[in-house]
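Down below is the structure, laid out as structure tokens.
Read-outs: derived from the displayed coordinates by stated rules, not from any lab. What you see is a predicted model; the values in this text were computed from it and never measured. Because the Cβ atoms are built from the backbone with ideal geometry, glycine has one as well, and the counts that use them run over all protein chains shown.
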Amino acid sequence: MGAAPASRDVTSHGMGLAAPLALFFLVFFVAPLLQLLWLSLHNDTAALHWGLGQYLHFLTDPFSLSVLGSTLLLGAEVTAVCLLLGFPIAWLHQRVGPRLQTIIILIVLLPLLTSVVVRTFAWIVILGRQGIINATLQSLGIIDTPLKLLYTQFGVVIALAQVQMPLMTLPLITALGRIDPNLDDASCSLGAGSWRTFFRIVLPLSLPGVIAGCTLTYAAAITAFITQSLIGGGQMLFMPMYLYQQASTLQNWPFASAISIIFLLAVLAVVSVFTTLGRMSRGYGGA
Amino acid sequence: MSGRKRTWEAISFEFVMTVIAIIALVIIIAPSLVVLIVSFTSGFSLRFPPPGYSLRWYAELWDAWQLHFAAKNSLIVALWATGLSIVLGVAAALAISRSRTLSARLLDSLFMSPLVLPALAFGLAALMLFSLVGLPVSPLTLVIGHTVVCVPYVVRNTVAALAQLEPTLLESSAVLGASRLYTFRRIVLPLIRPGIIAGAFIAFMSSFDNVPVSLFLRDAATDMLPIRMWQDLEGKLDVTIAALSSVLIIATVVLVAVMERVTGLSRRLTN
């Protein structure tokens with residue numbers, strides 16, 4: 001009778017051990033965010049007058065709304081590119097031997113751990129006027145004058161996709177590893193072709209991984225301040241830089257707080273949509 | 001062997017997938033290789049391919065005291081933040097890992113939330129709180145801010161390591177009369193150590209590379225390496241940054257190789 005509680009006692013530790021970190025988060029994470037919310041609900045920089053002025057300002061200002069819109073769109077484009085390129089990597093990883101598997105994972109992992117500034121810098125070298133792409137196209141005689149690749153939406157999407165690729169690929173590799181390989185063989189021996197097997201069996205069963213990868217990639221892409229500002233340049237403004245300008249250059253903390261809260265809510269909305277889809281897809285995968 | 005007919009249809013599928021996978025892998029590694037090559041240029045620009053090769057930019061890097069200073073600051077803050085993350089994170093992981101209660105799950109979500117929330121918003125929020133309570137920005141505020149965004153990696157990897165721990169081992173140890181602390185030191189800790197090290201490694205790398213939090217929480221005297229590099233790049237395209245980037249890339253490759261040996265990093269991140 002005493003066995004069950006006793007065994008529980010030795011294998012688990014009391015919740016008290018979580019107290020230091022919980023306290024640390026309460027003071028240095030939750031409290032600052034609450035203060036951010038509090039300040040965003042004031043109409044003036046001295047925080048004397050309550051009101052929704054900051055939010056009204058943002059939501060009625062076409063410029064602010066276009067910054068929000070282009071940021072959310074950027075996230076979607078980067079996520080799509082990552083999925084398109086990341087899925088085949090995960091697929092290839094399933095079909096090669098253990099040695100190549102480790103190499104593929106390390107190749108995918110390396111950029112995740114390399115400094116973001118370094119990775120972004122590399123794209124400046126590649127996309128610049130004298131960069132590889134322009135140099136190659138010019139020497140082949142395809143173009144006369146260098147293409148403008150840096151400071152364009154295309155440049156930002158490609159650079160961000162490369163920077164965030166590991167976040168998409170790692171969950172996909174995990175998800176594909178969990179699919180019973182017999183299903184693939186069964187589908188093929190029942191007469192479904194490879195393409196059909198892929199779209200009807202492999203892709204649906206890997207949905208939890210796809211959704212986990214999309215969530216991480218999207219959240220990382222829209223907040224990737226360094227890559228956005230270095231590759232996008234001065235003309236392209238996204239939410240993180242907008243926030244930073246308002247807070248740092250203009251010292252308009254209430255408005256910067258409102259931008260932060262709107263941005264936070266946008267990220268949370270996207271994450272919860274993906275989480276809901278993930279829960280539904282798990283039901284689908286199990287069926 | 002499986003009797004599957006190799007029709008043009010199967011071949012077209014495998015061809016397309018393999019080609020895209022190889023293109024994707026090339027896109028992933030190419031930028032690092034390009035930086036490595038450009039850093040050895042003898043010219044003044046980032047032209048690729050370089051007009052000639054030399055070590056001049058590495059010599060330049062050797063004398064760049066501003067970058068050295070920033071690197072030292074980043075290293076010190078990253079070490080403190082990682083140390084604090086290990087102490088707080090491992091304890092919290094022990095508490096929440098085997099618990100199925102609602103509070104454990106809520107705490108888990110709380111500890112993971114810095115990973116998805118925009119770090120820049122947190123940086124601004126932390127700055128406002130520190131200025132409200134009259135704590136000036138300093139290396140201390142940097143360490144606190146970095147710990148918040150880095151501790152999730154330690155918690156996550158330690159929880160994963162604890163989940164694979166065999167409960168019978170702990171029960172046997174207890175039955176044989178070992179105290180909890182003794183069991184923890186001699187059984188639990190050695191078994192979860194690779195998980196803790198992997199988490200601490202990722203926490204360290206992300207602190208060393210952090211810009212959004214540092215941007216708000218550093219004082220004028222505390223220059224951080226990624227911010228220094230970012231500002232240098234905004235101003236002019238200096239080849240010294242290519243040399244520094246190459247040093248960082250090589251250091252990362254070496255560290256990842258060591259970590260793969262010590263902790264089996266690649267398996268850990270895909271399980």
Checklist entry - Given the range A:50-161, what helices (runs of 4 or more DSSP H) lie entirely inside it while holding 2 or more residues that are under 23 Å from the mean Cα position of the chain (by Cα) and facing chain B (nearest Cβ under 8 Å)? => result A:62-95, A:98-113, A:116-127
Item to check | Residue count, the range B:134-147 (criterion: within 8 Å of chain A (Cβ to nearest Cβ) and surrounded by fewer than 24 Cβ atoms within 10 Å (Cβ to Cβ)) | outcome: 1
Checklist entry - Quick check: anything in the range B:219-241 aliphatic (A, V, I, L, M), under 25 Å from the mean Cα position of the chain (by Cα), more than 29 Å from B:PRO118 (Cβ to Cβ) and more than 9 Å from every other protein chain (Cβ to nearest Cβ)? => result no
Checklist entry - Would you pick out the residues in the range A:103-138 that are basic (Lys, Arg) and surrounded by fewer than 21 Cβ atoms within 10 Å (Cβ to Cβ)? => result A:ARG129
Checklist entry - In this structure, is B:SER131 under 23 Å from the mean Cα position of the chain (by Cα) and either closer than 21 Å to A:MET241 by Cβ or more than 9 Å from chain A (Cβ to nearest Cβ) (or both)? => result no
Checklist entry - Wholly within the range B:141-259, which helices (runs of 4 or more DSSP H) include no fewer than the required count, namely at least 1 residues that are over 25 Å from A:SER257 (Cα atoms)? => result B:167-175, B:180-183, B:189-208, B:225-235
Item to check | Odd one out for A:SER206 among (1) crowded, with 19+ Cβ neighbours inside 10 Å; (2) among the small types (Gly, Ala, Ser); (3) over 21 Å from A:LEU167 (Cβ atoms) | outcome: (3)
Checklist entry - Consider A:GLY141 against the criteria (1) of a type outside the set (A, V, I, L, M, F, W, C); (2) out of contact with any helix residue (DSSP H, G or I) (no Cβ under 6 Å at 6 or more places or on another chain); (3) surrounded by fewer than 19 Cβ atoms within 10 Å (Cβ to Cβ); (4) closer than 30 Å to B:LYS236 by Cβ: it satisfies all of them except one. Which criterion is unmet? => result (4)
Checklist entry - When the range B:1-60 is examined, which residues are found to be acidic (Asp, Glu) and more than 29 Å from A:PHE199 (Cα to Cα)? => result B:GLU60
Checklist outcome for this item: Filtering the range A:243-257 down to residues that are crowded, with 19+ Cβ neighbours inside 10 Å and within 11 Å of chain B (Cβ to nearest Cβ) yields A:LEU243, A:TYR244, A:GLN246, A:ALA247, A:TRP253, A:PRO254, A:ALA256, A:SER257
Checklist entry - Which one is surrounded by the fewest Cβ atoms within 10 Å (Cβ to Cβ), of the residues in the range B:182-210 that are within 11 Å of chain A (Cβ to nearest Cβ) and more than 17 Å from B:TYR153 (Cβ to Cβ)? => result B:PHE184
Next on the checklist: Can you list residue pairs whose Cβ atoms sit under 7 Å apart, with the first residue in the range B:227-252 being within 22 Å of B:ILE202 (Cα to Cα) and the second being of a type in the set (Phe, Trp, Tyr) and surrounded by 22 or more Cβ atoms within 10 Å (Cβ to Cβ)? Count only pairs 6 or more apart in sequence or on different chains.
Outcome noted: B:SER245/A:PHE121
Checklist entry - Which of the residues that make up the range A:185-205 are touching an Asp or Glu at 6+ places or on another chain (Cβ under 8 Å) and without any contact (Cβ under 8 Å) to a residue 12 or more places away in the chain? => result A:GLY193, A:SER194, A:TRP195
Checklist outcome for this item: Within the range B:21-51, restricting to residues that are outside any helix (DSSP H, G or I), at the interface with chain A (Cβ under 7 Å from one of its Cβ atoms) and touching a residue at least 12 places away in the same chain (Cβ under 8 Å), the one that is farthest from A:MET165 (Cα to Cα) is B:SER45
Item to check | Pick from the range B:128-141, criterion touching a residue at least 12 places away in the same chain (Cβ under 8 Å) and out of contact with any Pro (no Cβ under 8 Å at 6 or more places or on another chain), ranking: nearest to A:PHE28 (Cα to Cα) | outcome: B:THR141
Checklist entry - Within the bounds of the range B:74-86, is there any residue that is buried (at least 18 other Cβ atoms within 10 Å of the Cβ), more than 10 Å from chain A (Cβ to nearest Cβ), assigned to a loop (DSSP other than H, G, I, E, B) and among the hydrophobic types (A, V, I, L, M, F, W, C)? => result no
Checklist outcome for this item: A:THR197 passes all but one of the listed conditions (1) surrounded by 18 or more Cβ atoms within 10 Å (Cβ to Cβ); (2) of a type outside the set (Lys, Arg); (3) more than 10 Å from every other protein chain (Cβ to nearest Cβ); (4) touching a Leu at 6+ places or on another chain (Cβ under 9 Å); the exception is number (3)
Checklist entry - In the range B:152-173, is there at least one residue being at the interface with another protein chain (Cβ under 8 Å from one of its Cβ atoms), of a type in the set (Val, Ile, Thr) and within 30 Å of A:TYR242 (Cα to Cα)? => result no
Checklist entry - Can you name the condition, by its number, that B:SER54 falls short on among (1) away from every other protein chain (no Cβ under 11 Å); (2) within 28 Å of the chain's Cα centre (by Cα)? => result (2)
Checklist entry - Hey, among the residues in the range B:106-125 that are without any contact (Cβ under 8 Å) to a residue 24 or more places away in the chain and within 12 Å of A:ALA18 (Cα to Cα), which one's farthest from the chain's Cα centre (by Cα)? => result B:LEU106
Checklist outcome for this item: Taking the range B:88-100 and the residues there that are surrounded by fewer than 20 Cβ atoms within 10 Å (Cβ to Cβ) and facing chain A (nearest Cβ under 8 Å), the one that is farthest from A:VAL27 (Cα to Cα) would be B:ARG98
